[in-house]
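Data block below; observations after.
The values are calculated or read from the model by the stated rules, or taken from the named source; none is laboratory data. Note that this is a predicted model, so its numbers are computed, not measured. A quick note on method: Cβ atoms are made from the backbone with ideal geometry, for glycine too, and the neighbour counts reach across all protein chains shown.
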């Protein structure tokens, strides 16, 4: 009889441990479905530190596409010579965050999450400009000045570093499936970058001067822009603050 009771207790203990292992687990890997719909793909790894805290790292990437929120961008980048219809942008970012839960289970319930984000945005900016060549003499023949309307493509990247916080709720749906609902948050930091255009060989020097003058007309406050000409390269350096909202998002993941 004692042997039967002992065997029963051992089996019950084994089943209980396996059930806890099945439902629990210190790790979650997940993706943001709302970001995926917008082609802003995201993958996050979260690990529990204790019952009330976890740390996570996520990587997001968006392939090059037309500029989103075009009308809003025009308000912040004031230059009628920029072709916003063909403005292209891509980005990727790494985010490190800590989460503080107030739920009864680890990595479950309401949380507040401070985070640091390191981003890189690639841009492709078409700019219309006009230049006028100086009169010249070729083989004894005077060539009059010519006015040329053309377009240059500026390419480059803007790097950003920012910190912020957001809050949300995470739920255990099934034995291995979690649902993470972000509410709202934001981040603030700094940015700097370099954008440049390379004019074709043989382009008159007046073209580079005119393109610089066109870019100097840009008002992108609070960002500071500084443009220089180096041979056939027109280089614009950017420097300024960086801010963003972390809006509502729905994330699903597997716990293990």
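In region 222-256, the qualifying residues are those that are farther than 23 Å from residue 155 by Cβ and not in a strand (DSSP E or B), and the one that is nearest to the chain's Cα centre (by Cα) is 247.
Only one of the numbered conditions (1) closer than 30 Å to residue 211 by Cβ; (2) out of contact with any helix residue (DSSP H, G or I) (no Cβ under 6 Å at 6 or more places or on another chain); (3) surrounded by 15 or more Cβ atoms within 10 Å (Cβ to Cβ) is violated by residue 116, and that is (1). Determine, yes or no, whether residue 176 is farther than 30 Å from residue 48 by Cα and either surrounded by 17 or more Cβ atoms within 10 Å (Cβ to Cβ) or over 20 Å from the mean Cα position of the chain (by Cα) (or both). Judged against the criteria, residue 176 is not a match. Working carefully through the options 238, 251, find the one that is touching a residue at least 24 places away in the same chain (Cβ under 8 Å) and over 27 Å from residue 125 (Cα atoms). Only one candidate passes the filter, namely 251.
Could you grab me the full set of residues in region 105-141 that are on the phi < 0 side of the Ramachandran plot, touching a residue at least 40 places away in the same chain (Cβ under 8 Å) and assigned to a loop (DSSP other than H, G, I, E, B)? Before the answer, list the steps.
As a first pass, look at region 105-141 and keep what is on the phi < 0 side of the Ramachandran plot: 105-106, 108, 110-138, 141.
With touching a residue at least 40 places away in the same chain (Cβ under 8 Å) added as a condition, the list becomes 105-106, 108, 110-134.
Hits for region 105-141 are 105, 106, 108, 133, 134.
The set of residues in region 186-244 that are surrounded by 13 or more Cβ atoms within 10 Å (Cβ to Cβ) and touching a helix residue (DSSP H, G or I) at 6+ places or on another chain (Cβ under 8 Å) comprises 197, 199, 220, 225, 227, 229, 232, 234, 236. Number of residues in region 142-167 that are surrounded by 15 or more Cβ atoms within 10 Å (Cβ to Cβ), more than 30 Å from residue 129 (Cα to Cα) and in contact (Cβ under 8 Å) with a residue 60 or more places away in the chain equals 3.
Looking only at residues in region 89-105 that are surrounded by fewer than 18 Cβ atoms within 10 Å (Cβ to Cβ) and over 14 Å from the mean Cα position of the chain (by Cα), the one that is nearest to residue 161 (Cα to Cα) is 98.
Let's see how each residue does on (1) modelled with pLDDT of 95 or more; (2) more than 22 Å from residue 256 (Cα to Cα):
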{"residue": "8", "(1), (2)": "no, yes"}
{"residue": "11", "(1), (2)": "no, yes"}
{"residue": "19", "(1), (2)": "no, no"}
{"residue": "46", "(1), (2)": "yes, no"}
{"residue": "50", "(1), (2)": "no, no"}
